[in-house]
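Working notes for the structure below.
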Amino acid sequence: MSAIDGKFSSDFFHMAPDLMCIAGTDGVFKEVNPVFESMLGYTQKELTSRKFFDFIHPDDHEATQRELKKIVEGEQALNFKNRYRTKGGTFIWLSWNAHVDQHTGLIYATAREVTEQVKTKRKLLDTKQQLEQANEDLEAFSYSVSHDLRTPLRAITGFSQILLEDHAGQLDQEGQRLLQVVIDNTDKMGDLIDDILTYSRVSRAEPVRSRVDLQKIFEDAASQVLDSFPELKDKTTVTIQDLPPSMGDLSMLKQVAVNLISNAVKYSTNSDPIEVEVGVTNGQNPTTYYVKDNGIGFDMQYVDKLFGVFQRLHNSREYEGTGVGLSLVKRIIDSHGGDIWVESEPNEGTTFYFQLSKN
């Protein structure tokens, strides 16, 4: 074992749990340890009588040659992977660490089998590519469906309005009412298409983080929501405390603010006055924001349904909506690495809490 004198003790070389070898820059093994023999199935004589490229998978020759050139020039190989043929004819993946002794010209290397890790990584990459393709297909499908659906919806709405405006005299009161129901429901279908597309888009998007003024975001959202509920505007008060700024995606957080305030107002329509409060809890790190209302509330035993797509806790005839808004809020908060939860009691109002980061 003179070749390893001064570098490895004989005991260490023979007892090491990893493959260990000494090779020359001529591409021939000089010494291999017992693990090397047992892992590949060749004897030491078989391994040292041929160039090690004879055992390497042909597809890995070029990459191994480049790595060997770097090692010879004095660079250290770290976690370089290639495939070695076993005596049984199969190939296993080895991860190498190696360097050259410039005085002796010998390459000292250790290796560890990583076949399962490589297979797992490849499966993950394949799955990732399949998911990306599925997302692209879903985006194309959503785009196509939205446009294909909008055309007949516009036709239904348009012709129904023509009948109401130009031929009302030929319809009795019930006929006019039914046409108005058709128009209202096509409008709801249009809203549902918009919400599905928004949800699909947000589900695929990564937040573009910047410093955001949540105070202004919620103030603007409150104005927008109240303008959309003109019949409730006079009896609705939205109080916004001093909100600290945060890091997040501006457009996504605008959607969160609009959806939470809209939800609070919508489910407080039976209250007079309607009171919505936006603020932060004291002493929380990370900052915990909340949106509180004095509305109808709900039984917490149904809380698991709250953030599900198309899930509704109240009758759609009493409270309009598509069942996507809170799902969208949760998806956005999740994409920021944050958390959202809720506290409520029937007829005692609801409070949504959210954090934009769990750290």
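The values are calculated or read from the model by the stated rules, or taken from the named source; none is laboratory data. Source: prediction; values computed, not measured. Neighbour counts are summed over all protein chains in view; Cβ atoms, including those assigned to glycine, are modelled from backbone coordinates with ideal geometry. Accessible surface areas use protein heavy atoms only, side chains included; no ligands, DNA or RNA. Shrake-Rupley method; radii C 1.70, N 1.55, O 1.52, S 1.80 Å.
Some points to look at:
- Taken over the stretch 236-250, the residue count meeting the criterion of being more than 13 Å from residue 356 (Cα to Cα) and either open to solvent by 80 Å² or more (accessible area, probe 1.4 Å) or of a type in the set (Val, Ile, Thr) (or both) is 6.
- Scan the stretch 138-159 for residues that are within 24 Å of residue 176 (Cα to Cα) and open to solvent by 70 Å² or more (accessible area, probe 1.4 Å) and the total you get is 4.
- Only residues that are touching an Asp or Glu at 6+ places or on another chain (Cβ under 6 Å) and over 19 Å from residue 337 (Cβ atoms) were counted in the stretch 201-239, giving 3.
- So residue 214, is it under 24 Å from residue 263 (Cβ atoms), at pLDDT below 85 and touching a Phe, Trp or Tyr at 6+ places or on another chain (Cβ under 9 Å): no
- Residue list for the stretch 160-184, restricted to those being under 28 Å from residue 326 (Cα atoms) and surrounded by 14 or more Cβ atoms within 10 Å (Cβ to Cβ): 182, 183
- Per-region count, the stretch 83-115, residues open to solvent by less than 20 Å² (accessible area, probe 1.4 Å), under 18 Å from residue 42 (Cα atoms) and polar (S, T, N, Q): 1
- So residue 202, is it touching a residue at least 24 places away in the same chain (Cβ under 8 Å) and either of a type in the set (Ser, Thr, Tyr) or not in a helix (DSSP H, G or I) (or both): no
- Restricting attention to the stretch 272-283 and to residues that are in contact with a strand residue (DSSP E or B) (Cβ under 8 Å, 6 or more places away or on another chain) and either open to solvent by 40 Å² or more (accessible area, probe 1.4 Å) or assigned to a loop (DSSP other than H, G, I, E, B) (or both), the residue that is farthest from residue 332 (Cα to Cα) turns out to be 273.
- For residue 225, the stated conditions hold: it is modelled with pLDDT of 85 or more and in a helix (DSSP H, G or I).
- Applying a threshold of 9 Å to beta carbon distances and a minimum spacing of six or more residues, or different chains, the list of pairs starting in the stretch 156-178 at a residue that is without any contact (Cβ under 8 Å) to a residue 12 or more places away in the chain and ending at one that is among the polar types (S, T, N, Q) reads 168/176.
- Test: residue in the stretch 345-358 that is within 18 Å of residue 248 (Cα to Cα), in contact with a Ser or Thr (Cβ under 9 Å, 6 or more places away or on another chain), at pLDDT 90 or above and among the hydroxyl-bearing types (Ser, Thr, Tyr): yes
- Qualifying residue in the stretch 63-79 (condition: within 38 Å of the chain's Cα centre (by Cα), open to solvent by 60 Å² or more (accessible area, probe 1.4 Å) and on the phi > 0 side of the Ramachandran plot): yes
- Residue match in the stretch 292-312 (condition: modelled with pLDDT of 90 or more, open to solvent by 20 Å² or more (accessible area, probe 1.4 Å) and touching a strand residue (DSSP E or B) at 6+ places or on another chain (Cβ under 7 Å)): yes
- Cβ separations smaller than 8 Å between residues 6+ apart or across chains give the following pairs from the stretch 239-263 residues that are of a type in the set (Asp, Glu) to residues that are part of a helix (DSSP H, G or I) and buried (at least 20 other Cβ atoms within 10 Å of the Cβ): 249/332.
- Residue count, the stretch 145-183 (criterion: within 36 Å of the chain's Cα centre (by Cα) and not hydroxyl-bearing (Ser, Thr, Tyr)): 8
- So residue 233, is it open to solvent by 20 Å² or more (accessible area, probe 1.4 Å) and without any contact (Cβ under 8 Å) to a residue 12 or more places away in the chain: yes
- Contact map, the stretch 268-279: first residue touching a residue at least 24 places away in the same chain (Cβ under 8 Å) and within 14 Å of residue 353 (Cα to Cα), second residue among the basic types (Lys, Arg) and part of a strand (DSSP E or B), Cβ cut-off under 6 Å, separation 6 or more or different chains; pairs are 277/292.
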